[in-house]
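**Student:** If you scroll down you'll find the structure; I have some questions about it.
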Amino acid sequence: MNDRTYIFDSELRIWRTPTHDSIAYSDGDEVERRLLSILKQTRDLSSTSDELRKQIVDWPTEYHFSPTRANLLRPFRIDKSQRILELGCGCGNLTRYLGESGAHVTAVEGSVVRASIAAERCRDLANVMIVADSIELFTSAGGFDMVTLIGVLEYAPLFFRGR
């Protein structure tokens, strides 16, 4: 990464800049604490985890734990030789799927809390890096073979200030 300095926060397991202010997007503190708690207690974090599937009881758990979300990406041929940039990774549902492909995944999330949830979901994937930063300000050295922006554009006013 070049223009911005990213520091690893070992407590949250995310990369972040010292000055990044979290974007004002959340499913609610209680919901996000519950998602994080579930993930911390889960052994099988995979994109097809029966353990997580059994935790689906409402819309947030459906959205963040359902294995069917990965169907958006299944048609693409993704392999370990690729570098993927995921903009707006949320709580890591699709990040997990991308990471399981073996590709090097850099996932950017504007909310520090949601980035930490994504890091928990991908805690056993060394090829996944979670960055808490604005997608408008994010910088990286080198290019990417694929860039995803799924479920993000409708929230653009939260991260593209004054435009």
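We did not get these values from a lab; they are worked out from the coordinates using the rules stated. All values reported here derive from a predicted model rather than from experimental measurement. Neighbour counts are summed over all protein chains in view; Cβ atoms, including those assigned to glycine, are modelled from backbone coordinates with ideal geometry.
**Student:** Taking 0.36 nm per residue of separation and subtracting the Cα-Cα distance, what length does fully extending R43 through D79 add?
**Tutor:** Extending this stretch completely gives an extra 10.5 nm.
**Student:** I'd like the Kirkwood hydrodynamic radius of region 16-163, using the inverse of the mean 1/r over distinct C-alpha pairs, in Å.
**Tutor:** Result for region 16-163 stands at 15.5 Å.
**Student:** Putting +1 on Lys and Arg Cβ atoms and -1 on Asp and Glu Cβ atoms, find which of F76, H20, V31 reaches farthest to the positive end of the dipole of the chain.
**Tutor:** Result: F76, furthest along the dipole toward the positive end.
**Student:** How compact is region 1-99 by the rule of thumb for globular proteins, expressed as Cα Rg over 2.2 N^0.38 Å?
**Tutor:** For region 1-99, the normalised Cα radius of gyration comes out at 1.20.
**Student:** With +1 on each Lys and Arg Cβ and -1 on each Asp and Glu Cβ, and nothing else charged, work out how big the dipole of the chain is about its Cα centre, in Debye to the nearest 20.
**Tutor:** I would put it at about 300 debye.
**Student:** Sticking with this one: Can you give the convex hull volume of the alpha carbon atoms of region 55-94 per residue, in Å³?
**Tutor:** Output value, Cα hull per residue: 81 Å³.
**Student:** Between G102, G142, G90, which gets the highest mean-square fluctuation from a Gaussian network model of the chain, Cα cutoff 10 Å?
**Tutor:** Evaluated over the chain, the most mobile residue of the options is G142.
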